[in-house]
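Here the structure is laid out as C-alpha cells; the discussion comes afterwards.
A short reminder: the numbers here are calculations on the coordinates, not readings from a lab. On a predicted model such as this, the values are computed, not experimentally measured, just so you know. Backbone-built Cβ (ideal geometry, glycine too); neighbour counts: all protein chains shown.
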Amino acid sequence: MQNRKFFKTSKPHKLSEIADKIGCTILAGKEDILIEGIKSLSDSKNGDLTFLSSKKYSKEFEGSKASACIVPKAFESKSNTDTVLLKVDNPYHAYAKIIDIFYSSAKTYNSKIMPSAYVAEGSKIGKNCYIGHNVVIEDEVEIGDNAIIESGTVIDYGVRVGNNARIDSNVSISHSVIGDDVVILSGARIGQDGFGFATDNGIHKKIYHTGLVIIGNDVEIGANSCIDRGSMNDTIIEDLCRIDNLVQVGHNVHVKKGTILVAQVGIAGSCTIGSYCALGGQVGIAGHINITDNVQISGQGGVLKDIKEAGIMGGSPAVPIRDWHRQTIMMKKLITKKEN
C-alpha cells in the first residue's frame, strides 16, 4: 500500500493486549488472536481490527471479515459470529487509543537547526528541538524543550512557546504566549491585528491593538485558521481546546476549557464561549456574545444573542434545537400549502 512510506507499522499484537488497553474482556480462547492492523468495516479482513461507533453501520459489520471489532456495550450481532466483539462505552475513543499502538509517523526528527533557518541571537531555544528549513525566529523569542517547528514558519519578536510544541509549515505567530503540548497545523496565523477600525466622515482609522493571544496547554489549532490578538484585553484560548481548519477567532475573544470549534466557525470580537462547548461547521457568532458552558450549536447556526443555558441550539438566529425543528416543519407545511 502507498501509505507505508508515510507511516510506520508495529508488529502484530495479541487481542488480549488490545483488550487490556481499552479496558474490556474477551471470550476465553480468543486471547492469542493476532491483530496486524486497523481497517474500516468494509476493508477489513482476517487479522484486522475494526470499530463500529454507530448502529447505522450494522449492515457493514455483518459483512465484515475482521478478526475483531470494537463496538458499543449494547451491540449484538445478528449473523457475524466470526468477528470477536470488544465491547466498550465509547468505541471511537477506544479506536483512537488503539491506533497509537499500531501506527506512527515514518518521518523522524533529530535535535537540529537547519542551516537555512534564521534564529536570532537574542532568542532562547530549549533542549532537543528541531527547527526546519527557512524558519525565522526573531529576538526575545523563547521556545521550550522538544519543539518541532517545520519549514517556513515565522515566530515574531517576544513570542513564548512552551514544551513539546509541534508547529507545522508556514505558520506565523506574533504577540502570543503559548503553553505546553500545543499543535499548530500548517498555515495558521496567530496574533495578527484584529479587524478594528473607528470611522469618522467616511475615513476608517485603524485601531492599534495592544492585547496578546494567550493559548493554554494541550490545544490544537487547525490549518489556515486565524486567531487575532486583543485590541485591549487579550484573546484567550484555554486548555484542551480543539480548533479545526479555517476557523476565525476575532480580537478579545475568550474560548474556555475543552471547547471545540469545527471548520469555518467565525467568532466576532469580544465574545466569550464557555467550557466544553461544541460549535458545528460554519457557525457564526455575532460580536460581544456570551455563551455559557456545555452548549452545542449545529452547523450553520447563527448566534445573535447570549445563550444562558446549556443545551443544543440550531438555526439562524439560533434557538433550542427542538424549536428549530418545529420551525422547519411549519415552514415546510406553509410552503406545501401555498403550492397546492
### Query
Counting Lys and Arg as +1 and Asp and Glu as -1, each charge on the Cβ, what is the dipole of the chain about the Cα centre in debye, to the nearest 20?
1400 debye
### Message
Output wanted: per-residue J couplings in Hz (rounded whole) for the range 38-44, from phi through Karplus 6.51 cos²θ - 1.76 cosθ + 1.60, θ = phi - 60°, x for Gly and Pro.
### Response
10, 9, 5, 3, 6, 9, 6
## Note on the structure
Here the FRET efficiency for Y92 versus K308, based on Cβ atoms and R0 = 35 Å and rounded to 0.05, is 0.70
### Query
Within the range 1-56, which chymotrypsin sites (Phe, Trp or Tyr not before Pro) sit in a loop by DSSP and count at most 16 neighbouring Cβ atoms inside 10 Å?
F6
### Message
Could you compute the net charge surrounding C241? Neighbours are other residues with a C-beta less than 10 Å from the C-beta of C241; K and R count +1, D and E count -1.
### Response
-1
### Message
Using each residue's phi in the range 58-69, evaluate 6.51 cos²θ - 1.76 cosθ + 1.60 at θ = phi - 60° and report the 3J(HN,Hα) Karplus result to the nearest Hz, with x for Gly and Pro.
### Response
4, 4, 5, 4, 4, x, 6, 9, 4, 6, 8, 9
### Message
Check which residues have an amide H placed less than 5 Å from G47's amide H, if you skip close sequence neighbours.
### Response
S67
### Query
What is the gain in length, in nm to one decimal, between V136 and Y57 on full extension, counting 0.36 nm per residue of separation less the C-alpha to C-alpha distance?
23.7 nm
### Message
Rounded, prolate or oblate, given the Cα gyration tensor of the range 117-195, with a/c below 1.5 counting as rounded?
### Response
rounded
### Query
Between the DSSP loop rule and a limit of at most 16 other Cβ atoms within 10 Å, which GluC sites (Glu not before Pro) in the range 70-176 are left?
E76, E121, E140
### Task
Grab the beta carbon distance between K11 and K257, set R0 = 30 Å, and tell me the FRET efficiency rounded to 0.05.
0.20
### Message
Could you work out [θ]222 nm for the chain from helices alone, using -39500 (n - 2.57) per DSSP H run of at least four and dividing by all its residues? Round to the nearest 500 deg cm²/dmol.
### Response
-4000 deg cm²/dmol
### Length added when fully stretched, S111-F195, from 0.36 nm per residue minus Cα-Cα
26.4 nm
### Query
Once you sort the root eigenvalues of the Cα gyration tensor of the range 1-123 as a ≥ b ≥ c, which label holds: rounded (a/c under 1.5), prolate (a/b larger than b/c) or oblate (the other case)?
prolate
## Note on the structure
Note on the range 2-105: contact order normalised by length, alpha-carbon pairs under 8 Å, 6 or more apart, percent, works out to 28 percent
### Query
Over the range 50-147, what is the mean sequence separation of C-alpha contacts under 8 Å (at least six apart), divided by residue count, expressed as relative contact order in percent?
19 percent
#### Entry: Contour excess over end-to-end distance, with Cα ends at K206 and D43 and 0.36 nm allotted per residue
53.1 nm
### Task
Order these peptides, 273-280, 17-24, by their mean beta-carbon neighbour count within 10 angstrom, highest first.
273-280, 17-24
## Note on the structure
When the charge dipole of the chain is computed with +1 at the Cβ of Lys and Arg and -1 at the Cβ of Asp and Glu, the Cα pointing farthest to the positive end, of I215, N128, V141, is that of I215
### Task
Place the peptides 26-38, 83-95, 160-172 in order of packing, highest mean first, counting for every residue the other Cβ atoms within 10 Å and averaging per peptide.
160-172, 83-95, 26-38
## Note on the structure
Dividing the mean separation of Cα pairs under 8 Å (6+ apart) by the residue count of the chain yields a relative contact order in percent of 7 percent
### Task
Once you have a ≥ b ≥ c as the square roots of the Cα gyration tensor eigenvalues for the chain, tell me rounded if a/c is under 1.5, and otherwise prolate or oblate according to whether a/b is larger than b/c.
oblate
### Message
Between I267, I221, I329, where does the largest GNM mean-square fluctuation fall for the chain, given springs only between Cα atoms within less than 10 Å?
### Response
I329
### Task
Determine, from the Cβ-Cβ distance of N128 and K333 and an R0 of 51 Å, the FRET efficiency 1/(1 + (r/R0)^6), rounded to the nearest 0.05.
0.20
### Query
With respect to the cross-link table entries K11/K56; K8/K127; K55/K308; K257/K305; K45/K257; K8/K78, which display a Cα-Cα separation exceeding 30 Å?
K11/K56; K55/K308; K45/K257; K8/K78
## Note on the structure
Sequence order, the range 143-157: Karplus ³J(HN,Hα) from phi using 6.51 cos²θ - 1.76 cosθ + 1.60, θ = phi - 60°, Hz rounded, Gly and Pro as x, gives 10, x, 6, 6, 7, 10, 10, 7, 4, x, 6, 10, 10, 7, 3
